[in-house]
1. Sort through Ser38, Ser101, Ser110, Ser121 and tell me the only one that's in contact with a Pro (Cβ under 9 Å, 6 or more places away or on another chain) and polar (S, T, N, Q).
2. Kindly state which helices (runs of 4 or more DSSP H) lie completely within the stretch 8-80 and contain at least 3 residues that are open to solvent by 50 Å² or more (accessible area, probe 1.4 Å).
3. So Gly91 clears everything in (1) part of a helix (DSSP H, G or I); (2) open to solvent by 60 Å² or more (accessible area, probe 1.4 Å); (3) within 18 Å of Pro36 (Cβ to Cβ); (4) not polar (S, T, N, Q) except one condition, right? Which one?
4. Within the stretch 117-125, is there a residue that is among the acidic types (Asp, Glu) and either in a helix (DSSP H, G or I) or within 13 Å of the chain's Cα centre (by Cα) (or both)?
5. Which condition number does Arg4 fail, the rest of (1) surrounded by 14 or more Cβ atoms within 10 Å (Cβ to Cβ); (2) without any contact (Cβ under 8 Å) to a residue 12 or more places away in the chain; (3) of a type in the set (Lys, Arg) being met?
6. Which is of a type outside the set (A, V, I, L, M, F, W, C), modelled with pLDDT of 90 or more and surrounded by 16 or more Cβ atoms within 10 Å (Cβ to Cβ), of Ser121, Ser101?
7. Would you confirm, using the coordinates I've provided, whether Ala84 is in contact with a strand residue (DSSP E or B) (Cβ under 7 Å, 6 or more places away or on another chain) and either under 26 Å from Gln10 (Cβ atoms) or open to solvent by 60 Å² or more (accessible area, probe 1.4 Å) (or both)?
8. Considering only the stretch 104-118, how many residues are more than 21 Å from Glu2 (Cβ to Cβ) and surrounded by fewer than 15 Cβ atoms within 10 Å (Cβ to Cβ)?
Amino acid sequence: RELRELCADQGIGAIPYSPLAGGFLTGKYRRGAETPASQRADGVAKRYFNERGWAIIDALMAVAGEHGAPPAQIALAWLLAQPAVAAPIVGANTPEQLAGSLGALGLTLSDEQKAQLGTASAWAE
């Protein structure tokens, strides 16, 4: 985040690692709901179960609803819309997960939607 403007200015493409925040941005974690059983769940909860994390989920779910797309696709489409992002590193355990991630390539977010997600993530322009 700190080097975003420098990368954009110098034409350097960043490749974000863990663009779905260990699964947090997939929609399987919900405020007040039971944490899914997984090896990553405790780490995800410690890192992202806070007001900023829930604000991001709220914005992500709103935009996902507008597109009729899964939240993970919206999160990846938002990253791909950032000038300094060359490509996010996505991980997939199944062909279905990979296909879901690749669906982000066909999404175009409006300026308003990008601003909404940027504000929630504290990465606003």
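1. That would be Ser101, the only listed residue that is in contact with a Pro (Cβ under 9 Å, 6 or more places away or on another chain) and polar (S, T, N, Q).
2. The helices (runs of 4 or more DSSP H) meeting that bar are 41-48, 51-67.
3. Here Gly91 meets the rest and fails (1).
4. The answer is no; no qualifying residue exists.
5. For Arg4, the failing item is (2).
6. Ser101
7. yes
8. The total comes to 6.
The values are calculated or read from the model by the stated rules, or taken from the named source; none is laboratory data. The model shown is predicted, which means the values in this text are computed figures rather than measured ones. We place every Cβ from the backbone using ideal geometry, glycine too, and count neighbours over all the protein chains shown. Just the protein is used for accessible areas: all its heavy atoms, side chains included, with ligands, DNA and RNA removed. Shrake-Rupley method; radii C 1.70, N 1.55, O 1.52, S 1.80 Å.
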